[in-house]
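Presented below is the structure to which this report refers.
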Amino acid sequence: MPELPEVETMVRGIAPRLEGYQIAHVELRKTDVLRHVTKSRLIKTLEGSTIEQVTRRAKHAVFRLSSGDRMIIQPRMTGSFLIHDQPLTKEQTKYVVLICTLSDGRRFVYRDVRRLGTIWLLDETGWIAYSARIGPEPLEETFTPFVLANRLRGTRTAVKKAIMDQRRLAGVGNIYANEALFDARLNPAKSTHKLSLDEFARLHAAIVDVLQRALASSGTTLRDYRTGTGARGRFQFKLRVYGRGGEKCMNCGRKLVMTHTIDLRQTVFCPRCQR
Ligand SMILES: [Zn+2]
């Protein structure tokens with residue numbers, strides 16, 4: 001959390017209000033989020049640069065700068081973005097990590113309550129190499145059942161772990177892995193190399209469907225996640241298994257099982273529907 005739908009929602013909320021604008025001043029209040037860059041180099045690179053494009057890759061927000069570099073923010077559990085027209089009030093500066101004041105006076109703010117998120121700065125070559133190590137984007141048209149089967153081929157790990165592995169597939173985390181496996185009627189602990197072609201096809205369809213539906217609901221807000229305009233997501237009301245351990249399966253009425261044995265994370269599934 002946030003996963004693909006949440007980061008995509010955040011990016012869509014801020015991109016039109018940042019693209020084409022120059023950064024006049026930068027204030028970095030916390031440095032423990034920095035990776036591959038020092039405080040002084042980040043500030044020096046950002047100040048005077050124009051934000052050319054804001055996109056998403058996997059669970060990262062990618063800010064392409066006129067300097068040729070990319071600032072990559074992974075908001076992880078508790079990070080959020082906001083754009084303020086006015087100077088920040090004392091309350092608004094709470095948990096602030098980065099403030100970029102744009103040349104028109106607006107402020108782009110990255111705040112992070114627990115600071116599990118990270119800020120990277122990569123040049124073109126560094127970014128290409130980094131992106132190449134991440135799996136395909138599930139909402140791109142080129143993502144087919146064959147692409148999924150190919151990326152997961154030969155792995156004996158539990159299918160839930162395999163689809164959350166960002167090197168195999170981009171953007172899927174614990175919530176949507178649980179939901180997709182329920183929709184695909186697959187046991188989360190099933191060894192990936194035992195999946196049939198039909199099961200790969202069902203899994204592919206379920207992953208794409210759940211991500212699209214979550215995106216249409218602006219993502220899932222369980223705690224800190226907010227859209228790029230500060231609103232809550234609404235997909236938490238549509239979750240079928242995640243967070244529902246012990247409750248009845250919406251499909252067959254059997255009690256849903258919760259376990260932490262697969263990957264130490266919360267896994268919820270229906271023992272009847274997901275054999
Ligand atoms: Zn069931």
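Numbers for the structure displayed
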read-out	value
Inter-centroid distance (Cα atoms) of the stretch 230-245 relative to the stretch 144-178, Å	22
Taking Glu137, Glu27, Glu179 and counting other C-beta atoms within 10 Å, the order from fewest to most	Glu27, Glu137, Glu179
Separation between Cα centres of the stretch 30-73 and the stretch 100-140, rounded to whole Å	6
Distant alpha-carbon pairs in the stretch 13-96 (separation over 23 angstrom), percent	20
Amide proton proximity set for Ala189, modelled H, under 5 Å, gap of 5+	none
Proxy reagent accessibility, fewest Cβ within 10 Å first, across Ser131, Ser66, Ser40, Ser218	Ser40, Ser66, Ser131, Ser218
Mean Kyte hydropathy of -0.5 or more with a Cα span along the axis of at least 24 Å, helices from DSSP in the chain	197-216
Bridge type composition, the chain - antiparallel percent by DSSP, nearest 5	95
Spatially near lysine pairs across the chain, Cα under 19 Å, sequence gap of 8 or more or different chains	12
Shape parameters for the stretch 52-123, alpha-carbon atoms, Rg then Dmax in Å	12.5, 35
Long-range amide H partners of Thr93 with built H, under 5 Å	none
Simple Cβ-charge dipole of the chain, Lys/Arg +1 and Asp/Glu -1, about Cα centre, in debye nearest 20	1200
Estimated vicinal HN-Hα couplings, Hz - the stretch 54-64 in sequence order (Karplus 6.51, -1.76, 1.60; Gly, Pro = x)	10, 9, 10, 9, 6, 10, 10, 9, 10, 9, 7
Cα pair count fraction exceeding 19 Å, expressed as % - the stretch 197-273	51
Residues listed by number, the stretch 103-125, amide nitrogen under 20 Å from Thr93 label point at 7 Å toward C-beta	103, 105-115
Positive-end residue, the chain charge dipole about Cα centroid, Cβ charges, pick of Gly154, Thr261, Val208	Thr261
Contact order normalised by residue count of the stretch 187-275, Cα under 8 Å, 6+ apart, percent	23
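Here, each number is a calculation from the coordinates, and none is a lab measurement. This one's a predicted model, so the numbers in the text were calculated from it and none came from an experiment. Note that each Cβ is placed from the backbone with ideal geometry, even for glycine, and that neighbours are counted across all protein chains shown.
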